[in-house]
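A short reminder: the numbers here are calculations on the coordinates, not readings from a lab. All figures in this text were calculated on a predicted structure; none of them were measured in a lab. For neighbour counting, all protein chains shown are included, and Cβ atoms are generated from backbone atoms with ideal geometry for every residue, glycine included.
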2 protein chains.
Amino acid sequence: MRFKKLALIGCGLIGGSFALALKRANAVDHVSGFSASVKSREKALSLHVIDEAAASIQEAVKDADLVLVAVPVNAMEACLSSIREGMTLNALVMDVGSTKSQITLSAQRAMKERFNCFVPAHPIAGKERHGVEHAEANLFDHHNTILTPSDQSDPEKIELAVQAWTAVGSTVSIMTPNEHDQALAAVSHLPHLIAFAAVNAIAAQDKRDLILSLAGPGFRDFSRIAASAPSVWLDIFLSNQTEVLNQLALFKGAIADFESAMISKDSQAIEHLIETASDIKKNWSPIPPKS
Amino acid sequence: MRFKKLALIGCGLIGGSFALALKRANAVDHVSGFSASVKSREKALSLHVIDEAAASIQEAVKDADLVLVAVPVNAMEACLSSIREGMTLNALVMDVGSTKSQITLSAQRAMKERFNCFVPAHPIAGKERHGVEHAEANLFDHHNTILTPSDQSDPEKIELAVQAWTAVGSTVSIMTPNEHDQALAAVSHLPHLIAFAAVNAIAAQDKRDLILSLAGPGFRDFSRIAASAPSVWLDIFLSNQTEVLNQLALFKGAIADFESAMISKDSQAIEHLIETASDIKKNWSPIPPKS
C-alpha cells in the first residue's frame, strides 16, 4: 500500500503526526494540508509536516487518494460536505474523532452517495499539548486505533484503512460506533471529567496555593489530562453525552461505596475496595511508555 | 552535619531510599536496619541499603544519633515505644508517615519525655511499587518534604531535621499537622480514593476487558496511583478520615456542577468548568519528571 496524495484537513497534533508517520513508513508521495487558520497550515509547511499548504479544502482533496479529517467534532460535518464536493471517486476518507456514533450520523448526512468511502477512525493517542509543533512520527506507535465502519462502508476501503493505521505504527481493532463510545466514555471521557472536577474542587478552596504547592508526582500524573484543550473536550462531552452520563452514574456509585465505608470506618470494606482496584490496575498491561 | 549512625526502622521503599540518599550525600557513617520481616532486612543488607541488619529495634537504635521510622501508620506507636526504651538521649527521631495529626498524638503517648526529640516528616515522593528493591538514592530529589514539629520539639532537632531532608535532595517546608493533613487530603488522599473508585466502576461492568483493552496513556497516568498498596492506603484513609471526607464533599460538589451542565447540554457552563481546570493545571509548575 502506498498513497499518491494525502489530503490533511486540520493540521494539528493528530493530523500532523499521522502525516509524519505515513512519511516515516514511506507510504505516501505527497501531503497537501489545509487548516482554517492560515498560520497553522504555514507552520505545518515550515515544519515539513505537509509538502504543500492548500488554500481550500477543495484544493487539498483534488486528486487525493487518502483524506484525513482531523478537525474538532463540531466542525466535522461542514468539512465532510466540502470534501464530498471535491474528492476523487475512489478516495478513502477517515476522521480521527474521539466519539463515533454522532460522527457517523454527520458523515452520512454530509457525504451522501460517497458515504461508502468513509471509515471512521479513532487513534487512541495524544498529549495534553496541541498544535502541529508537537506532532511526532511516533505518536501512534504501540497505541490502539479503533475503526468503526458501517455496513455501508466499502470492504476495500476498510482494508485500506487497516493498512494505513498499521503503517503509522498502531494496533488496529474494529467495533461498532456504540461499543466504541461506551468503552471510551469509561476509559477516557469520564476520567477527563473527573480530573477537571478534582482540580476545580481544589481551585475553589482558600488554601489552593498551599495545596497545589504540596502536590507530588501522584497528583501530577492523576491530573495530567486536566490540562487538555477546553474546545476539544466540550465537543467530546456533548457528542457522547449519554454514555458519559451513564459512566458518571456508575462512578458515583463506586464513590458512594467508599464514602459509606469511610464514614463507618469499616476497615475490611475499605481494604476490599482498594484491593479490587489495585489488583486490576496491576494486572492491566499498560501501554508501553513513550521513549 | 554528619550522622554517626542511622537506625532505619522499616527497610522499605521510603526508608531504603532515605538511607541511600544520606549515603550519597556522605552524611552518615553507618546504617543499621531493622524490619519486622527478616527477609526484608536481609534483602536491604544484600542490596547495601543498610550496613547491618539488626535483630531488634533496641539493637538498631543503640548509639544511633538519627532514627528514621518508616513503618505503616498503624505500627508507628508500638515502634516509637520500643525506640524510646533503647535510644540515646540526644538522638533525632523522625517518621515518614503520610498523615501527621494522628502520628503526633501517637508519638506523644509513645515517646513521653523523649517527645521533644521527635520531628514528624513527610517526604512527598514515592512510586506505586513498594519494597526495598525499588529504593533509589534520587527518590527525594526536587520533591517536597514537610516537617510538622510541635511546640515541644527541640529547636535544634528541627534544624537538624531540615538539614537531613535537604541533604537527601528534597525541598523542606514546615507547617502544622492540621495544615498538612488538609492539604494532603486534597492533593493526595482524595485523588487516590477517586482513582480506586474509577477503576472499581469499570471493574463492575460486563465489558470490563474490552474497556480496559482500549485504555490509552491518559487513563494509564490518571489511574497509576490506583495500583498503590492496599494496607498503606487503608491506614492513610483511616488516620485522616475527617479531612478525606471533607475533601470528598467538595469534589462531589464539583462533579455535580459538571453533571447538571451536561444534563442540560449547557455548552457555556461546561466549557467554563473545563477552562478553569485546564488553566490551573497548565499554570501549576509540576514536579520535574524523574530521569
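Each other copy holds its own label point for B:N283; taking that point as 7 Å from Cα along Cα to Cβ, the gaps run 4.4 nm, nearest first.
Between A:I174 and B:E159, the simple label model (points 7 Å from Cα in the Cβ direction) yields a spacing of 7.5 nm. With the label put 7 angstrom out from Cα along the Cα-to-Cβ vector, B:S150 ends up 7.1 nm from the copy partners, going from closest to farthest. In whole Å, what is the distance between the alpha-carbon centres of the range B:112-146 and the range A:105-166? Taking the Cα centre of each part, the range B:112-146 and the range A:105-166 sit 47 Å apart. Taking all Cα pairs closer than 8 Å and separated by 6 or more residues, the relative contact order of chain B comes to 17 percent. Here A:D279 and A:T88 are evaluated by their C-beta separation; at R0 = 45 Å the FRET efficiency comes out at 0.30.
With the simple spin-label model, which puts each label point 7 Å out from Cα in the Cβ direction, the A:K62 to A:H48 separation comes to 2.6 nm. Ellipsoid semi-axes for the range B:28-75, based on the Cα gyration tensor and the rule √(5λ), read 15, 15, 10 Å when sorted largest first. Between copies, A:A269 shows label-point distances of 3.1 nm, shortest first, with the point placed 7 angstrom from Cα along Cα to C-beta. Only aspartates and glutamates eight or more places from B:K62 in sequence, or on another chain, were considered; those with a Cα closer than 20 Å are B:D29, B:E42, B:D51, B:E52, B:E77, B:E85, B:D95, B:E113. Legend: distances between Cα atoms for A:K127/A:K207; A:K252/B:K207; A:K282/B:K207; pairs beyond 25 Å are A:K127/A:K207. A quarter of the convex hull surface defined by the alpha-carbon atoms of the protein assembly as shown gives 26.9 nm² as the mean projection.
Volume of the convex hull of the range A:210-265 (Cα atoms only), normalised per residue: 121 Å³.
Give the relative contact order (percent, whole number) for the range A:3-174; include only Cα pairs under 8 Å separated by 6+ residues. Reported relative contact order: 25 percent. The dipole here belongs to the range B:5-129: it is taken about the Cα centre, uses +1 on the Cβ of Lys and Arg and -1 on the Cβ of Asp and Glu, and is about 300 debye.
Residue and distance for the chain B Cβ closest to the axis that moves B onto A, in whole Å, come to B:D221, 2.
Go ahead and collect, in residue order, the members of the range A:250-275 whose backbone nitrogen is under 18 Å from a label point 7 Å along the Cα-Cβ direction of B:L105. From the range A:250-275, the list is A:262-267. The reciprocal of the average 1/r between distinct C-alpha atoms defines the Kirkwood hydrodynamic radius, which for the range B:30-134 equals 14.2 Å. The fraction of all Cα pairs in chain B landing in successive 10 Å bins from 0 to the largest distance is 6, 25, 33, 20, 11, 5, 1, given as whole percents.
Across the range B:179-283, Cα-Cα distances exceeding 21 Å account for 50% of all pairs. Among A:V187, A:V162, A:V73, the largest mean-square fluctuation in a Gaussian network model of chain A (Cα springs under 10 Å) belongs to A:V187.
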